[in-house]
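Here's the structure we're looking at; comments come further down.
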Amino acid sequence: MSNYEVGSIVEGKVTGIKPFGAFVAIDEQKQGLVHISEVAHGFVKDINDVLSVGDEVKVKIMNVEENSGKISLSIRATQEAPERPARPAKPRNTGGGQGGGRKPQQQNKPQQGFNTLEDKLKEWLKQSNEIQADLNKRAKK
């Protein structure tokens, strides 16, 4: 087990594919699992669209369970995250009419695909702050 340190990047070969992930041999005796969420940046619906048995892959060792010998791997962690496209500025509601505060919230739907909990939390806090600022602005009128 001591050969494999958490955080190290090694070459491996896909030896098996299941709906939940891919098994990757990292040497003659050891193999680990790349969970489907760790295969690529973004949402992967079918792992077979991304990997095949026999593929040579670069993996990062995420966790080594000393007791069971299980090794958790990530392909995604070895790749640079794709740049997110810049979001267009939110349209400002300059008209003083009723009911205008809801539409921008409905138009700003979250991106589809995989987001980390940290990303989602930032997004939720931003939305909450925008809603609170809008409510404060209305209360002052």
Legend entry - Count of region 103-141 residues which are at pLDDT 85 or above and either in a loop (DSSP other than H, G, I, E, B) or over 30 Å from I36 (Cα atoms) (or both): 9
Inset, instruction - Please enumerate the residues belonging to region 1-41 that are closer than 24 Å to L117 by Cβ and not hydrophobic (A, V, I, L, M, F, W, C). - result: G7, P19, G21, G32, H35, S37, E38, H41
Legend entry - Test result for E28, part of a loop (DSSP other than H, G, I, E, B), of a type in the set (D, E) and touching a residue at least 40 places away in the same chain (Cβ under 8 Å): no
Inset, instruction - Answer with yes or no whether A22 is of a type in the set (A, V, I, L, M, F, W, C), surrounded by 11 or more Cβ atoms within 10 Å (Cβ to Cβ) and not in a strand (DSSP E or B). - result: no
Inset, instruction - Report whether or not G95 is modelled with pLDDT under 90, out of contact with any Asp or Glu (no Cβ under 8 Å at 6 or more places or on another chain) and under 14 Å from Y4 (Cα atoms). - result: no
Legend entry - Subset of region 31-71 (residues that are open to solvent by 70 Å² or more (accessible area, probe 1.4 Å) and either in contact (Cβ under 8 Å) with a residue 40 or more places away in the chain or farther than 26 Å from E83 by Cβ (or both)): Q31, F43, N48, V53, E56, K58, M62, E65, E66, N67, K70
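The values are calculated or read from the model by the stated rules, or taken from the named source; none is laboratory data. Note that the structure is a prediction, hence the values are computed from the model and not measured. In this analysis, Cβ positions are derived from the backbone assuming ideal geometry, glycine residues included, and neighbour counts consider all displayed protein chains. Surface areas here come from the heavy atoms of the whole protein model, side chains and all, with no ligands, DNA or RNA. Shrake-Rupley method; radii C 1.70, N 1.55, O 1.52, S 1.80 Å.
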